[in-house]
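The numbers here are math on the coordinates, done by the rules we state, and not lab data. Fair warning: this is a prediction, and the values are worked out from it, not measured in the lab. Glycine also receives a Cβ, built like all others from the backbone with ideal geometry; neighbour counts cover every protein chain displayed.
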Amino acid sequence: MRPPICAVCGERFDPAGKGGLVYFVMRKSDEEWRKRMKKIHSVGHPPWAEWFCAKHYPIAVKYNTLTIDEAWKRMREDLKIT
Ligand SMILES: [Zn+2]
């Protein structure tokens, strides 16, 4: 697992606070990643999860019923990031 650095603004934050790890819907590639990790008895940072600071956590949670690719598209629109 990566340290808690917001995927939107890059801010490092305290995970005991309001920010946190958001898991999105797994893509096919994510299922394969999980199988691969299980096989080699390894854990890494799940590619379908990202950290979000207190400011950006609510917007990420809003889209956690989507895959991370789709969620990023919507988040960029909401945050006006191009
Ligand atoms: Zn942030």
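Among Leu21, Tyr57, Leu79, which residue has its Cα furthest toward the positive end of the charge dipole of the chain, with +1 on Lys/Arg Cβ and -1 on Asp/Glu Cβ?
Leu21
Pick from Ala16, Ala71, Ala60 the residue whose mean-square fluctuation is largest in a GNM of the chain, springs joining Cα atoms under 10 Å.
Maximum among the listed residues: Ala16.
Residues with beta-carbon under 13 Å from that of Pro46, excluding Pro46: net charge, scoring Lys, Arg +1 and Asp, Glu -1?
+2
Given the DSSP H assignment, sum -39500 (n - 2.57) over each helix run of at least 4 residues in the chain and divide by its residue total; what's the result at 222 nm in deg cm²/dmol, nearest 500?
Helix contribution divided over all residues of the chain: -10500 deg cm²/dmol.
Might you report the magnitude of the Cβ-based charge dipole of region 20-79 about its Cα centre, with Lys and Arg at +1 and Asp and Glu at -1, to the nearest 20 debye?
Here the size comes out at about 240 debye.
Report the equivalent ellipsoid semi-axes for the chain in whole Å, largest first, defined as the square roots of five times the eigenvalues of the gyration tensor built from alpha carbon atoms.
Equivalent ellipsoid of the chain: 23, 16, 9 Å, largest first.
Checking the cross-link filter: which lysines have an alpha carbon closer than 19 Å to that of Lys28, excluding same-chain neighbours under 8 positions apart?
Within the straight-line cut-off, Lys28 pairs with Lys38, Lys39, Lys73.
Please compute the modelled spin-label separation between Ala54 and Met37, points set 7 Å along Cα→Cβ, answer in nm with one decimal.
That separation, rounded to one decimal, is 2.8 nm.
What are the residues whose amide H is under 5 Å from the amide H of Leu66, where those residues sit 5 or more places off or on another chain and H is modelled from the backbone?
Val25
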